[in-house]
Amino acid sequence: MSQSKGRYQQNLRADAARVLFQILEQGMSARECLPAAQQDHNEKDKAWLQEMTYGVLRQLPLLQHWLRLLLDKPLKKNVKVVEHLIMLGFYQLAFSRVSTHAAVSECVNACVPLNAIATKGLVNAVLRNFIRQDTAQNLPDNEQVLSGQPKWFYKKLVDAYPDNYKTILDAMQVKAPIWLRVNNKYKSTDEYCRLLDEREVAYERQAAQHQGIILSKGCDITTLPGYDEGWFAVQDGAAQLAAGLLGSQPNDCVLDCCAAPGGKTCHILELQPDIATCVAIDIESSRLKRIEENLTRLGHQATLICGDASKPTSWWDGQLFDRILLDAPCSATGIIRRHPDIKWLRKSSDIDVLVALQSKIIDAMWALLKPGGTMLYATCSILPAENQLQISAFLNRTPDALLDDKFENDAAQKPGRQILPGEKQMDGFYYARLLKA
Ligand SMILES: C[S@@+](CC[C@H](N)C(=O)[O-])C[C@H]1O[C@@H](n2cnc3c(N)ncnc32)[C@H](O)[C@@H]1O
C-alpha cells in the first residue's frame, strides 16, 4: 500500500479496496480519502465507489465473519489490502445487484493495480467458494455481528436503550435521505418547492422544519435550482431545529462557539436577520474557511474567530452574549447512518475524553452568557454520557443555570430532547436549552 495511486490504471474495485484499507487500517476518515479516490472517475463511478465502500463499512462484522470462515489465515501486511478486496467481493455477492461473474472477475483483476498479483488465485478461490458454499446464508447467532456495529458501541446502545435498541440499530443501517434547508433570504420555501415541481424533483416536507425539504431520491445537489446562487443549503432535519430553539431576537449578540462548517451559523442569520452581532468560533483554521465559503454562498455575514471555546481568554473581548449555541465536539454516533466510517474510527475510550472536553467548554461558555441569556447545548450523539448525563452534571454544579424544558416532549429522555436516528427521517441529535438566572 505504499504506492501512489497515480501509477495505476483506473480500477474501481482496487480504488474501493484502497479506501477501505485507509479507513480501517490507517484510521483516515472517508471525508479525507474518498474524494481523492473518486476524483478521476465519472459521476456514476463516483457514486458506485461511495455506495460500495459505505456498504462494506455498514456490514463489516458480518463480512469479517465470512472472511474468517473462508480464509485459512490472515494475509501478510504487504497484501493486507486484499482482505478488503475480498470483503468487497462478498458485499457485492451478498448485498448488491452486481452480477456474480463481474463481482468475481473484477475483484480478481483488481489484484494487479493493488500490486498483489500473487493473490489472484486466492481471491478467485475464496469468492468462488463463497458462491459454491452459499456462505451468504451463513449468519452467526450473534446480534452484535448482525447489527453491523462495533462491540463497544453495541454494548453502550443496549445499556442506554434496553427497550428500543433494536429499532435504533435497524435505523442506523438505513441510508439517510438528503435534507435541504431553503435560504429564505432569497426564496420562500413554497417558492423553492415550485421550482422543484417544475424540474419534476420529488420531495416531502415536515411541519417542524419550516425551511426543510426532504428529497425522495439522491441526486447531485449542485444541479438543483439555485445552488450557486445560495438558494438552499444541505442540512439534516435534526440540525435544522437548532436555530429555532436558540430563539435569537432582534439586537441580540449571538455566539456560535463550535461553528464549522457553519450550517447552523447561516441558519441563525436566516431566521433572525436583525441580530446585532453573530460571532462564529472554531478551533480549526482550515474548517473556519468552510464557514466563510458557506456564509458567502448563502449571502450572510458573521465575525469569524479561530479560537478554543474551552479557553476564551485568548480571544474574547469581554462583551457578554444574549444567546450561545454550543454545538459540541462529540462522538457523532447519531450520524453513523450517514457516515458509517465513524463507528470504526471511534473507540470506547474516546467517549470519556469527549465528555471531559464538552464539560470544560460548557463551563467556559456559561461565563460568557448574559444573566437572562439562553444557551443551546447540542450534539449529534445518542450516548447519554454526552447528553443527559452531561447536562444533569452541569445543572448540579451551576447554581444560576435552569433547564428550559418547554420543548421537551419525551419524559423518559430528560433532561433535554434526544432525537433518535430515523425519527421523522432525522439524524440522531440532542438538544438542551439552558437559561441563565
Ligand atoms: C459538531 S461540529 C459543529 C457543526 C456546526 N455547528 C454546523 O452546524 O455546521 C463541532 C465543531 O467543533 C469544533 N471544535 C472542537 N473543539 C473545539 C474547541 N475546543 N473550541 C472551538 N471549536 C472546537 C470542531 O472543529 C468542529 O468544527
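Could you check Val158 against (1) among the β-branched types (Val, Ile, Thr); (2) open to solvent by less than 70 Å² (accessible area, probe 1.4 Å); (3) touching a residue at least 24 places away in the same chain (Cβ under 8 Å) and say which number it fails?
Status for Val158: all satisfied but (3).
Within the stretch 398-431, work out how many residues are under 20 Å from the mean Cα position of the chain (by Cα) and either open to solvent by less than 50 Å² (accessible area, probe 1.4 Å) or under 20 Å from Leu383 (Cβ atoms) (or both).
Residues meeting the conditions: 13.
Please work out which residue is nearest to the ligand (Cβ to nearest atom), limiting yourself to the stretch 254-271 and to residues that are within 25 Å of Pro371 (Cα to Cα) and in a helix (DSSP H, G or I).
For the stretch 254-271, the residue satisfying everything is Lys264.
Given Asp400, Asp363, which one is within 16 Å of the ligand (Cβ to nearest atom) and either among the acidic types (Asp, Glu) or touching a His at 6+ places or on another chain (Cβ under 7 Å) (or both)? Please lay out each step first, then the result.
Details: Asp400 fails: within 16 Å of the ligand (Cβ to nearest atom).
Only one candidate passes the filter, namely Asp363.
For the stretch 375-397, enumerate the residues that are open to solvent by 10 Å² or more (accessible area, probe 1.4 Å) and either more than 13 Å from the ligand (Cβ to nearest atom) or assigned to a helix (DSSP H, G or I) (or both).
Pro384, Ala385, Gln388, Leu389, Ser392, Ala393, Leu395, Asn396, Arg397
When both residues are 6+ apart or on different chains and their Cβ atoms are under 6 Å apart, which pairs have a first residue that lies in the stretch 236-265 and is within 19 Å of Glu408 (Cα to Cα) and among the aliphatic types (A, V, I, L, M), and a second that is within 13 Å of the ligand (Cβ to nearest atom) and not in a helix (DSSP H, G or I)?
Every condition considered, the pairs that remain are Ala238/Asp427; Ala238/Phe429; Ala242/Ala378; Leu245/Leu376; Leu245/Tyr431; Leu246/Leu325; Leu246/Leu376.
Suppose the filter is outside the structural domain of Asn11 (by TED's automatic domain parsing) and in contact (Cβ under 8 Å) with a residue 40 or more places away in the chain; does Leu88 pass it? If you could, list the steps in order and put the result at the bottom.
Working: outside the structural domain of Asn11 (by TED's automatic domain parsing): no; in contact (Cβ under 8 Å) with a residue 40 or more places away in the chain: yes.
Considered against the rule, which asks whether it is outside the structural domain of Asn11 (by TED's automatic domain parsing) and in contact (Cβ under 8 Å) with a residue 40 or more places away in the chain, Leu88 comes out as no.
Just give me the residues in the stretch 342-362 being open to solvent by less than 10 Å² (accessible area, probe 1.4 Å) and under 18 Å from the mean Cα position of the chain (by Cα), in sequence order.
Lys343, Ile351
What is the residue count in the stretch 117-157 for residues that are farther than 27 Å from Ile336 by Cα and of a type in the set (Asp, Glu)?
Here the count works out to 1.
Only one of these conditions is not met by Tyr192: (1) open to solvent by 40 Å² or more (accessible area, probe 1.4 Å); (2) over 30 Å from Gln413 (Cβ atoms); (3) not polar (S, T, N, Q). Which number is it?
Status for Tyr192: all satisfied but (1).
Conditions (1) within 19 Å of the chain's Cα centre (by Cα); (2) within 16 Å of the ligand (Cβ to nearest atom); (3) not acidic (Asp, Glu), marked per residue:
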{"position": "Gly218", "(1), (2), (3)": "yes, no, yes"}
{"position": "Tyr227", "(1), (2), (3)": "no, no, yes"}
{"position": "Gln240", "(1), (2), (3)": "yes, yes, yes"}
{"position": "Gly244", "(1), (2), (3)": "no, yes, yes"}
{"position": "Pro250", "(1), (2), (3)": "no, no, yes"}
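The values are calculated or read from the model by the stated rules, or taken from the named source; none is laboratory data. The shown structure was predicted, so the numbers you read here are calculated from the model rather than taken from an experiment. Cβ atoms come from the backbone with ideal geometry, glycine included; neighbour counts cover every protein chain shown. The accessibility values were calculated without ligands, DNA or RNA, using every heavy atom of the protein model including side chains. Shrake-Rupley method; radii C 1.70, N 1.55, O 1.52, S 1.80 Å.
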